[in-house]
1. Just name one of ILE89, ASN99, LEU27: the one whose Cα is farthest towards the positive end of the charge dipole of the chain (beta-carbon charges, Lys/Arg +1, Asp/Glu -1).
2. So what is the relative contact order of region 44-118, in percent, for Cα pairs below 8 Å that sit 6 or more residues apart?
3. Rank these by accessible area, largest first, 1.4 Å probe: THR152, THR146.
4. Exactly which chymotrypsin sites (Phe, Trp or Tyr not before Pro) in region 107-161 are in a DSSP loop and have at most 16 other Cβ atoms within 10 Å?
5. Just one of [x] 1.02; [y] 1.06; [z] 0.94 is Rg/Rh (Cα atoms, Kirkwood Rh) calculated from these coordinates, so which is it?
6. If the only charges are +1 at each Lys and Arg Cβ and -1 at each Asp and Glu Cβ, what is the size of the charge dipole of region 1-146 around the Cα centre, to the nearest 20 debye?
7. Between ASN99 and THR40, what length in nm is gained on full extension when 0.36 nm per residue of separation is reduced by their alpha carbon distance?
8. For a quick check of your reading of the filter: which trypsin sites (Lys or Arg not before Pro) in region 103-176 sit in a DSSP loop and have no more than 11 other Cβ atoms within 10 Å?
Amino acid sequence: MIYWDIFWAFFISNLLGYGGGPSTIPLVQNEVVNRYEWMTLREFGDLLAIANVLPGPIATKMGGFIGYQIAGVPGMLIALAATILPSAIAVIILFKFVNLFKDSPHVKMLTVSVQPVIAILLGVLAFQFFITAFETSGVLHLVILTAVGWLTMYKFKVHPALVILCALGYGGVFLA
């Protein structure tokens, strides 16, 4: 039963996640944290931060890790298959229709109209992470990390991956 739950959680998230990684993150979070309660929101936030630092697609990294954590290697393989299958099926089916509809105003309108929904989902996710960070770490650490992160990325043009790694290090030293 756990294998079916893993498959279904990642298949549905990636089937409905129009546009790739960023749009699937809130859907995966809903399945993993809210529905099945395999992780807490804080654990999911930590996983998301690490997945953003590592190279490659976010959804597959998250699926592989969560599947492995829940059910070992078979769970990892099932989560990865469920993450990849919706896109693979869509590519195979829709490839024949690409040239027919690529200039369609309806397709362009669909793409433009989905973007605000994705932005709202990511905003809600960011707000939930903010609340969790505030409750867990306290206002002092949250202000320090926010100010230093903003300064290093926008003032000194440091790559966000390095800022995330430094914030993870800070959290490991001062918040562990």
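1. The one lying farthest along the dipole's positive direction is ASN99.
2. Worked out over region 44-118, it gives 16 percent.
3. Descending accessible area places them as THR146, THR152.
4. Answer in residue order: PHE156.
5. [x]
6. For this selection, approximately 440 debye.
7. 16.8 nm
8. Loop-located and lightly packed - LYS157.
The values are calculated or read from the model by the stated rules, or taken from the named source; none is laboratory data. No experiment lies behind these values; they were computed from the predicted model shown. Cβ coordinates were reconstructed from backbone atoms using ideal geometry, including for glycine residues, and neighbour counts include every protein chain displayed. Calculation scope for accessible area: heavy atoms of the full protein, side chains included, ligands and nucleic acids excluded. Shrake-Rupley method; radii C 1.70, N 1.55, O 1.52, S 1.80 Å.
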